[in-house]
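The values are calculated or read from the model by the stated rules, or taken from the named source; none is laboratory data. Fair warning: this is a prediction, and the values are worked out from it, not measured in the lab. As a convention, Cβ positions derive from the backbone with ideal geometry for all residues, glycine included, and neighbour counts pool all protein chains shown. The protein model used for the area step is the full one, side chains on, heavy atoms only, and it has no ligands, DNA or RNA in it. Shrake-Rupley method; radii C 1.70, N 1.55, O 1.52, S 1.80 Å.
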Amino acid sequence: MFTRTESFREYANSYRAVTVLILIMMLVFVLVLFPVLPGNVLFYYGTGVNLYIADGQWWRLITPIFLHSTFTHLLFNGFSLAIFGPFLEKLLGAFKFSIFFLSTGILANIATFLINPLTYNHVGASGAIFGLLGFFLYLVLFNKTNFTNNERNTVYTLTGIAIIMTFIQPQINVVGHLAGMATGFLTAPLFLRKKW
């Protein structure tokens, strides 16, 4: 389910939505790292700052998904998307997968805005990544016959590790992670094809 054997060209052609999302995150990171635009404008106007969202800057519920604070942050989220995304893109199709990814990221950011204080700010695609885990959790719980015991145990283990790491790592948007997973789990039935 999570094992990838394709070449880069085969991967990019087979999973176009995943590839495009990763490329956008990489491009944004490069633009921030080597600022072509003055004053680090992408971070200035793109970071999810609750105070500014409350002031009407609603786009900050979307833009944080594509911003990452460090290369390690980008690498972790990009790698997670590259591993978890293909199965779901193949299942849903590129368009529905993209909508699912973005909607869970946005809903995680809305939860972050509603629950965390106005002074809170955040960046990263983690909410959407946890949305993918929530989708997998729904699949293995309610479509057991489509997965082997090993595949189900892999999903349970990854989900457990992700939740534990959320609470023990510093500077983590706990609300965003948990909300992303919850919305991924709850909205999965809306995106599934009838055959599932």
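Of all the residues that make up region 120-134, how many are closer than 12 Å to SER80 by Cβ and outside any helix (DSSP H, G or I)?
Adding up the residues that qualify gives 2.
Can you name every residue in region 94-147 that is among the small types (Gly, Ala, Ser) and either at pLDDT below 95 or under 18 Å from ILE172 (Cβ atoms) (or both)?
GLY105, ALA108, ALA111, GLY124, ALA125, SER126, GLY127, ALA128, GLY131, GLY134
List the pairs whose first member sits in region 123-145 and is without any contact (Cβ under 8 Å) to a residue 40 or more places away in the chain, whose second member is open to solvent by less than 30 Å² (accessible area, probe 1.4 Å), and whose Cβ atoms are under 6 Å apart, counting only residues at least 6 apart or on separate chains?
VAL140/PHE147; VAL140/VAL155
Being at pLDDT below 90 and in a helix (DSSP H, G or I) is the filter here, so list the residues in region 4-28 that pass it.
If the condition is that a residue be at pLDDT below 90 and in a helix (DSSP H, G or I), then PHE8 is the only one that fits.
Which of the residues belonging to region 56-87 are among the β-branched types (Val, Ile, Thr) and either more than 17 Å from LEU42 (Cα to Cα) or crowded, with 17+ Cβ neighbours inside 10 Å (or both)?
THR63, ILE65, THR72, ILE83
What about ILE161, is it under 28 Å from VAL28 (Cα atoms) and among the β-branched types (Val, Ile, Thr)?
The answer is no for ILE161.
Could you tell me which of the residues ILE99, ILE53 is open to solvent by 30 Å² or more (accessible area, probe 1.4 Å) and at negative phi?
Checking each option against the conditions leaves just ILE99.
Could you say whether any residue in region 29-45 is assigned to a helix (DSSP H, G or I) and either at positive phi or under 12 Å from the mean Cα position of the chain (by Cα) (or both)?
The answer is yes; a qualifying residue exists.
In region 145-186, how many are part of a loop (DSSP other than H, G, I, E, B), open to solvent by 40 Å² or more (accessible area, probe 1.4 Å) and in contact with a helix residue (DSSP H, G or I) (Cβ under 6 Å, 6 or more places away or on another chain)?
Here the count works out to 1.
Whether any residue in region 137-146 is touching a Phe, Trp or Tyr at 6+ places or on another chain (Cβ under 9 Å) and closer than 27 Å to THR72 by Cα is what I want to check.
Checking region 137-146: at least one residue is touching a Phe, Trp or Tyr at 6+ places or on another chain (Cβ under 9 Å) and closer than 27 Å to THR72 by Cα.
If LYS90 satisfies every condition in (1) under 12 Å from the mean Cα position of the chain (by Cα); (2) open to solvent by 30 Å² or more (accessible area, probe 1.4 Å); (3) touching a residue at least 60 places away in the same chain (Cβ under 8 Å) but one, which is the exception?
(1)
So which pairs qualify, if the first residue must be in region 167-183 and under 14 Å from ASN109 (Cβ atoms), the second must be assigned to a helix (DSSP H, G or I) and open to solvent by 30 Å² or more (accessible area, probe 1.4 Å), the Cβ gap must be under 7 Å, and the two must be at least 6 apart or on different chains?
Once the first residue is under 14 Å from ASN109 (Cβ atoms) and sits in region 167-183, its partners that are assigned to a helix (DSSP H, G or I) and open to solvent by 30 Å² or more (accessible area, probe 1.4 Å) give VAL174/PHE167; VAL175/ILE115; ALA179/LEU107; THR183/LEU107.
Can you confirm whether ASN116 is open to solvent by 10 Å² or more (accessible area, probe 1.4 Å) and over 28 Å from ASN50 (Cβ atoms)?
no
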